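The values are calculated or read from the model by the stated rules, or taken from the named source; none is laboratory data. What you see is a predicted model, and the numbers here were worked out from it, not measured in a lab. Ligands, DNA and RNA are excluded from the accessible area calculation, which covers all protein heavy atoms including side chains. Shrake-Rupley method; radii C 1.70, N 1.55, O 1.52, S 1.80 Å.
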Amino acid sequence: MPARRPTMTDIAKQAGVSQSTVSLVLNDVRGTKVSKATRELVLAIAREIGYPQVRHPRSGAAPQRNLILYLTDELATSPHAMQTIDGASNLAWEQDCIVSVFATRSDPAREAAILAQMLANPALLGVIYATIFTRRASVPAALGATQVPVVLLNCHARDHGYPSVVPAEVLGGYAATMHLVEAGHRRIGLINGEPWLEAAAERHKGYRQALTTADIPYDPALVREGDWQVGSGFAHALALLRLPEPPTALFCANDLMAIGAIDAARQLELDIPGRLSIVGYDDQDMARYVHPPLTTVLLPNYEMGRWAAETLIGQARAGLPALRQQIKMECPLVVRESVAGPATGP
């Protein structure tokens, strides 16, 4: 059998840091608070175990036009950005390209300065323009005027003028809710995020579609608007479970709020999944380690990053106009142990 290829997780374990920190170092992300000592340690371990991101380019790799600019508004608000960067950078390396990551912090002046410098780089192959929250993006005019290809990641343009990839959030919300319906539940609560966010609105839409499919009336009293944090999941779950007719199952629109809901159930001495079933969303690492392990929906950040890089490289090397593909990537259900049929009796 061929030797297993080293991963960022291997480096993180040896260095005693998070995988996100390893990704920041290996992708040379600017403006991060990673110490010089940590950076040097990560790079030394990566070289020692033969991680491909820090090896010299393979023989025959073209020295020109192999640089991809990954431009995003934020990095530090969630682990999702690191996963998309990893997907893009790994695919790029497989194609003899490298990825350079910049975060603008939603500052137009910083964004303009980065683009002015990078678009003038003769090695630039193309630009991945990303956002931390799924939304309609105002693509900078400088990208509209450039000759290099542009792909939108986790965002979309009003005129659909660029290839883009976003999660299929409606289908994700539908899958989560239908899993509870198929287990026998009919009173299903939803703890959602802020409704002005596209992800929250679409997960809510999927929830409603699943109820309609199952001929279950929509009850607004079972829907609460949280803020994606553990505390709001706890507070809203507590309120829902104290209703005169409480739900027998909860769909939480992210894993953090699901963790809060689990804490609320414990406070009320409700066994999971014996007395209450819970489904989360995102499939963060914590989901597999809570008790019971959390059934959730996978947010396909890594695969979206790979798709963006593959599309960009293919378009650049073919020398063809953008196909303007608008991809919604599947958010599959990850079944673990937090769902069972509704309990009967007191």
Legend entry - All-pairs alpha carbon distance profile, the range 156-210, 5 Å steps from 0, percent: 4, 20, 22, 21, 14, 9, 5, 4, 1
Inset, instruction - Rounded to whole Å and sorted largest first, list the principal axis extents of the Cα atoms in the range 96-200. - result: 60, 31, 25
Legend entry - Selected from 23, 89, 35 as most flexible by GNM, with the chain as the system and alpha-carbon contacts under 10 Å: 35
Inset, instruction - Quick one: give the max-minus-min coordinate of the C-alpha atoms of the range 74-157 along each principal axis, largest first, in Å. - result: 31, 31, 20
Legend entry - Largest-first principal axis extents of the Cα set of the range 203-308 (Å): 48, 32, 25
Legend entry - Using θ = phi - 60° and Karplus 6.51 cos²θ - 1.76 cosθ + 1.60, couplings along the range 37-48 (whole Hz; Gly, Pro as x): 5, 5, 4, 5, 5, 4, 5, 5, 5, 4, 5, 4
Legend entry - Length-normalised contact order for the range 180-303 - Cα pairs under 8 Å, 6+ apart - percent: 24 percent
Inset, instruction - Could you look at the range 162-317 and say what percent of its accessible area is carbon and sulfur, using a 1.4 Å probe and all protein chains? - result: 54 percent
Legend entry - Rounded Å value of the spacing that divides the Cα centres of the range 269-306 and the range 193-239: 16 Å
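What translational D, rounded to a whole number of µm²/s, comes out for the range 294-346 from Stokes-Einstein when the hydrodynamic radius is the Kirkwood one over Cα pairs, at 25 °C and 0.890 mPa s?
The calculation lands on 169 µm²/s.
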Inset, instruction - Working from Cα positions, state the angle (0 to 90°, nearest 10) between the long axis of helix 255-267 and the longest principal axis of the chain. - result: 30 degrees
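Arrange the residues 65, 324, 306 by how much accessible surface each exposes, largest first, with a 1.4 angstrom probe.
Values: 65 105, 324 135, 306 55 Å².
Largest accessible area first, the list is 324, 65, 306.
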Legend entry - Residues whose placed amide H lies under 5 Å from that of residue 185, excluding near-sequence neighbours: none
Legend entry - Solvent exposure of the chain as accessible area per residue, Å², 1.4 Å probe: 47 Å²
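Grab the Cα-Cα distance for residue 318 and residue 289, subtract it from 0.36 nm times how many residues apart they are, and report the gain in nm with one decimal.
Working: separation 29, 0.36 × 29 = 10.44 nm, distance 4.47 nm.
Extra length from residue 318 to residue 289 when fully extended: 6.0 nm.
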Legend entry - Gap separating the Cα centres of the range 65-114 and the range 120-147, nearest whole Å: 10 Å
Inset, instruction - On the full set of protein chains, 1.4 Å probe, figure out the accessible area of residue 243 and give it in Å² to the nearest 10. - result: 50 Å²
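Semi-axes, largest first, in whole Å: what does sqrt of 5 times each Cα gyration tensor eigenvalue give for the range 141-272?
Numbers: eigenvalues 240, 56, 25 Å².
Equivalent ellipsoid of the range 141-272: 35, 17, 11 Å, largest first.
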